[in-house]
1. Hand me the GluC sites (Glu not before Pro) from region 173-259 located in a DSSP loop with no more than 11 other Cβ atoms within 10 Å, in residue order please.
2. Could you check the spin-label model distance between Ser252 and Ser118? Points 7 Å from the Cα along Cα→Cβ, value in nm.
3. List the trypsin sites (Lys or Arg not before Pro) within region 174-227 that fall in a DSSP loop (any state other than H, G, I, E or B) and whose Cβ has at most 11 other Cβ atoms within 10 Å.
4. Could you list, in their original order, any pairs among Lys158/Lys229; Lys138/Lys229; Lys138/Lys158; Lys115/Lys225; Lys209/Lys235 whose Cα atoms are separated by more than 28 Å?
5. Determine by what factor the alpha-carbon radius of gyration of region 36-249 differs from 2.2 N^0.38 Å, reporting the quotient.
6. What are the chymotrypsin sites (Phe, Trp or Tyr not before Pro) within region 133-196 that DSSP puts in a loop, where the Cβ has at most 14 other Cβ atoms within 10 Å?
Amino acid sequence: MPRDLLAEKTLQSMPTLEKAEDLSPAPMSLFRKPTLLEDRFKKLADLRPYSLLLNRDDADDCDWLEHAAFDANEAASREKIEYRLRTCGELCTGIFTSAYATCSGSVSSLVKARKFPSVDSMASDRKRILIGHIIATKSKSPIVTDDSMAFPSDWRTKYQLGPSTGHDEEGETVCLHSLCVHPDFHQRGLGGVLLRGWSQRIRDSGMAKRIALICRERLVGWYEKNGFKKVGPSKCQYGGGDWVDMVMDFESAGEYEDC
């Protein structure tokens, strides 16, 4: 059969073509708004935060941050912070940002107001700035107690495996004593990012069965959204008392809610 006749017969036998529905995806901006998670990352874009374990070299920065974030009667003392970082630094995490002295914005004001350590020796004017931290110890008690929040007076000269106060390496509860973000960086979601990353690390490590903390009543809902359950009024008298016990039990903890 000649080529042209073959083509004609083939075309005649084909069904009539119809315009198909356009199934190509529409631009994202046309059908949905940014999620809460996307909004949070946008708020953090200028900071580019990163997390590191803390150690005794961070004691001065942690002391500065602690007293910037908490009232004087609630902030841990410089010696208590040093004790915790020296004794169980693997339980303590900081969230940092880096900046040059010539930068602008909130970070710049901190760089100019305080001497921070350099990020590396090759760029001595680039500073590592602590903007949030979690400081914790371990305890045999399933909830935070005044003894777990204290520390031995002779800790510098006498090591105790199972002390009556302070960090107890044999404990199965990680006591979260301090979660704070510098006031200049509130409302950016840094506290939630820090808490969720830290608590997941503690859980995955298998070093404890639970995390316990005490907080004010106004913060109960926030901690519940981040995986903790309210136990009830705390007996702790630290900072004047009136605390609430909160616990994250790893055997029953579910997925975190977005907040």
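1. Glu251, Glu255, Glu257
2. 5.3 nm
3. Passing sites in region 174-227 are Arg216.
4. In this structure, Lys158/Lys229; Lys115/Lys225 lie more than 28 Å apart at Cα.
5. Working it through for region 36-249, the quotient is 1.02.
6. Tyr159
Here, each number is a calculation from the coordinates, and none is a lab measurement. Source: prediction; values computed, not measured. Neighbour counts run over all protein chains shown; Cβ positions are idealised from the backbone, glycine included.
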